[in-house]
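One structure below.
Each reported figure results from applying straightforward, stated rules to the coordinates on display, with no laboratory input. Small disclaimer: the values here were computed from a predicted structure and weren't measured. Glycine also receives a Cβ, built like all others from the backbone with ideal geometry; neighbour counts cover every protein chain displayed.
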Amino acid sequence: MNERRYNGGIDHLRSTERLRRLEVPRVVELCLQGMDAHSVLDVGVGSGVFAEEFSRRGLRVAGVDINPQMVAFSKELLPEGVFQIAPAEQLPFEANKFDLVFLGLVLHECDDAQQALQEAGRVTRQRAAILEWHYRNDEVGPPLGHRLQSGQVQQWAMQAGFNNVETYPLENVQLYLLNISNP
């Protein structure tokens, strides 16, 4: 079992304090800025917090998670969405399926983060967005040894074919917007 993976409950993921720290509406707003998005894939959908916000903004939502309980919860939360059990490294969708692929606090849990970003690049038409904890010791989130350094995320993104990486440091998390250019 991967020691980096979250194995806690859904209630913790949806706690008021956690939602405040994640700045969910602000993150979604930044993910969508400057693009005409109609569909999103939420990789590591968890308790559906971000999927729910994307849906509120009119996007068709799909999500994957390796935890069957999280997938079941997301299906109940958003019955119009498409949710499946799958790892970030093997997304069960055809190429260029989504306008946006969102990886919210999941890249640091992946067995192969580089492969996860390559898969995100494969299934997006426009952009991938990565939300991760800052690389610092904090009272919330994973231990420092599980967090990703900004330079590493940017290097993986470029290796996965994203030609432009923008970073947005928020109070508790870091958002990376990865854009691709279509020929």
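Structure values in brief
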item	result
Qualifying trypsin sites (Lys or Arg not before Pro) in segment 114-183, DSSP loop, other Cβ atoms within 10 Å at most 15	ARG136
Whole-Hz ³J(HN,Hα) from phi, Karplus 6.51 cos²θ - 1.76 cosθ + 1.60, for segment 54-61, glycine and proline x	4, 5, 4, 8, x, 8, 6, 10
Under DSSP loop assignment and at most 10 Cβ neighbours within 10 Å, longest GluC sites (Glu not before Pro)-free interval of the chain	4-79
Order of LEU148, LEU91 - criterion: other Cβ atoms within 10 Å of each residue's Cβ, fewest first	LEU148, LEU91
Principal axes of segment 11-99: Cα extent on each, largest first, Å	36, 34, 23
Dipole moment magnitude, nearest 20 debye, segment 48-135 about Cα centre, only Lys, Arg, Asp, Glu C-beta charged	420
Extent along principal axes [Cα atoms of the chain; Å; largest to smallest]	43, 37, 31
DSSP beta bridges in segment 10-179 [antiparallel fraction, %, rounded to 5]	40
Under-5 Å amide H pairs with ASP42, H placed in peptide plane, nonlocal only	ALA62, GLY63, VAL64, PHE102
Signed unit charges on C-beta, dipole axis of the chain, positive-most listed residue GLN155, PHE73, THR124	THR124
Under the Karplus curve 6.51 cos²θ - 1.76 cosθ + 1.60, θ = phi - 60°, whole-Hz ³J(HN,Hα) for segment 29-41, x wherever Gly or Pro sits	4, 5, 4, 8, 5, x, 9, 9, 9, 10, 9, 9, 10
Whole-Hz ³J(HN,Hα) from phi, Karplus 6.51 cos²θ - 1.76 cosθ + 1.60, for segment 98-111, glycine and proline x	10, 6, 9, 10, 10, 10, x, 6, 10, 4, 5, 8, 5, 5
Kirkwood Rh, angstrom, segment 54-117 [1 / mean 1/r, Cα pairs]	12.6
Net dipole in debye of the chain [+1 Lys, Arg Cβ; -1 Asp, Glu Cβ; about Cα centre; nearest 20]	200
